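Notes for the one structure printed next.
The values are calculated or read from the model by the stated rules, or taken from the named source; none is laboratory data. These numbers were taken from a predicted model, which means no experiment stands behind them. Cβ atoms come from the backbone with ideal geometry, glycine included; neighbour counts cover every protein chain shown.
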Amino acid sequence: MIKYLFSLFLFFTSLQAATISTDQDNYNVNQSIVVNVNNMFGATNDWIGIYPVGSDNSWGNVVSWRYTKGVKNGAITLPGVPEGNYEARAFFRNSYTLEATYTFSVGVLVPTTTLSTNKETYTPQEAITLSLSNMSGASNDWVAIYPAGSSNSWDNVLSWKYTSGIVNGNITLTGVPAGHYEARAFFRNSYHLEAKKSFTVTAVDVGSSDAKLFIIGDSTVHNTSYGEMGWGSKLGTYMKHPNNAFNRARSGSSSKSYKEASASHHDWSYTKNMMAQSDISEGAYLFIQFGHNDEKSGYVHTEPGRYNSYYNELKKYLDQARDLGFIPVLITPVSRQYVGSRTHGAYPQTMKDLAADEGVLLLDLEYKSYIEFKKYSSDAALQAVFHYDDGTHFNPTGAGIVAGWVKELACNASSTLCNQFQ
């Protein structure tokens, strides 16, 4: 008996999640639909059904279907369907337990549903207005506020409304307590997520001009060498309250290595402790610029790309800053001092992807500095103004100019953030 049970355990733990896809994302009306399946159970009564997008798994919603007849990995051809947006869904053994899904369209392009909030930061219980586009138009489409990172379970819903058939328009939800949240959009009483947008509710006065501003990054942000300066050391000169700027960046650090302890106390543990002890009753921001050293080989290296190590290391700062009541602001790595060259590869785009996914402010300093550097006639002319001893680091004049660009980007991004500057 024990040997039998152990064999069953090995069998079931060896199962991999089923996946499906269609051989086209767009079909003609009544064209046969080819569904590619992988890791099906292998039972003769495993089956594939075609459902309208957003509908539940009941049999009454099936538009087209086939048994797999034992196919684990291969192609299943289903009869075509009328014009519309659909999902191919995979089920094991005549059940309605969904194992995998894939969206496609027939005769039409699937419009991307988008969702945005009217503000990045709210005060507790302040009404939250959502802007929607490309909803399905069903009266029971719905939107809701969830704690960030929570599942789509109904138990996690804090505020919600049906859209009452809105395709493009605005809906206002009741406010929620201080914290980090996501607005989410769903079609037709389902829990199939169509769009989401992150935002923050803070107990502090976001309109104050006396917020604390901490900055972390690398040597282009902070450096103690004589004659060399990072832009973070000049940013306070542009602020209404210069002493509210705390440049905690560290030379040589990447998004990964900044988390290590440093003899200079310019490290994440020490900085985080300073942040925790700060009076943030008037608001607080954390500026984050890493990338130059992430690009290097060795221990400091991180890999760019959505959900790769650079993305994940940066996300840790966002999460911990929010936990401390700080509003995180991502800043793409400042360009190196070469006219018309962009030397940071996929790192800036990865940071942009993270900002979009997490709903945080992003200041595109890489693009701004690239455009400004292009105005010079040569690398030598450019570096005569900005450089310390190479094409990366700044002298005090150059640091001051770059800090001015950071202020400009901040004011373009957020009126509440701009209120900190002169």
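Just give me the residues in the range 367-386 being surrounded by 15 or more Cβ atoms within 10 Å (Cβ to Cβ), over 23 Å from residue 350 (Cα atoms) and of a type outside the set (A, V, I, L, M), in sequence order.
376, 379, 383, 386
Let me confirm something: among 32, 64, which residue is among the hydroxyl-bearing types (Ser, Thr, Tyr) and surrounded by 15 or more Cβ atoms within 10 Å (Cβ to Cβ)? It would help to see each step written out before you state the result.
Numbers: 32 fails: surrounded by 15 or more Cβ atoms within 10 Å (Cβ to Cβ).
None of the others qualify; the one that does is 64.
Of the residues 264, 309, 335, 255, which is over 23 Å from the mean Cα position of the chain (by Cα) and of a type in the set (Gly, Ala, Ser)?
Values: 309 fails: over 23 Å from the mean Cα position of the chain (by Cα); 335 fails: over 23 Å from the mean Cα position of the chain (by Cα); 255 fails: over 23 Å from the mean Cα position of the chain (by Cα).
Unique residue meeting the criteria: 264.
Kindly provide the set of residues from the range 126-175 that are of a type in the set (D, E, K, R) and at pLDDT 95 or above, ordered by number. Explain how you work it out, then say what you get.
Here is the first cut: in the range 126-175, the residues of a type in the set (D, E, K, R) are 126, 141, 155, 161.
If the condition is that a residue be of a type in the set (D, E, K, R) and at pLDDT 95 or above, then 161 is the only one that fits.
Considering only residues that are in a strand (DSSP E or B) and surrounded by fewer than 21 Cβ atoms within 10 Å (Cβ to Cβ), look in the range 183-195 and name the one that is nearest to the chain's Cα centre (by Cα).
At the first step, the residues of the range 183-195 found to be in a strand (DSSP E or B) are 183-186, 193-195.
Filter once more, keeping what is surrounded by fewer than 21 Cβ atoms within 10 Å (Cβ to Cβ): 193, 195.
Working: 193: 15, 195: 12 Å.
Restricting to residues being in a strand (DSSP E or B) and surrounded by fewer than 21 Cβ atoms within 10 Å (Cβ to Cβ), the top hit is 195.
Those residues that are assigned to a helix (DSSP H, G or I) and buried (at least 20 other Cβ atoms within 10 Å of the Cβ), I need them from the range 223-260; list them, please. Talk me through it step by step, then tell me what you get.
To start, the set of residues in the range 223-260 that are assigned to a helix (DSSP H, G or I) comprises 231-233, 235-238, 242-244, 257-259.
The answer is 231, 232, 233, 235, 244, 257, 258.
Looking at the range 70-117, which of its residues are assigned to a strand (DSSP E or B) and farther than 23 Å from residue 28 by Cα? Walk me through how you get there before you give the answer.
First pass over the range 70-117, keeping only residues assigned to a strand (DSSP E or B): 74-78, 84-91, 98-106, 114-117.
Listed by number, the residues that qualify are 91, 98, 99, 100, 114, 115, 116, 117.
Here's the yes/no breakdown for (1) of a type in the set (Phe, Trp, Tyr); (2) assigned to a strand (DSSP E or B); (3) in contact (Cβ under 8 Å) with a residue 40 or more places away in the chain:
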site	(1), (2), (3)
263	no, no, no
271	no, no, yes
275	no, no, yes
282	no, no, yes
286	no, yes, yes
293	no, no, yes
304	no, no, yes
329	no, yes, yes
340	no, no, no
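Within the range 161-178, track down each residue that is assigned to a strand (DSSP E or B) and either among the polar types (S, T, N, Q) or surrounded by 17 or more Cβ atoms within 10 Å (Cβ to Cβ) (or both). Can you show your working first?
So the first thing to find is which residues in the range 161-178 are assigned to a strand (DSSP E or B), and the list is 161-162, 169-173.
170, 171, 172, 173 - these are the residues of the range 161-178 that are assigned to a strand (DSSP E or B) and either among the polar types (S, T, N, Q) or surrounded by 17 or more Cβ atoms within 10 Å (Cβ to Cβ) (or both).
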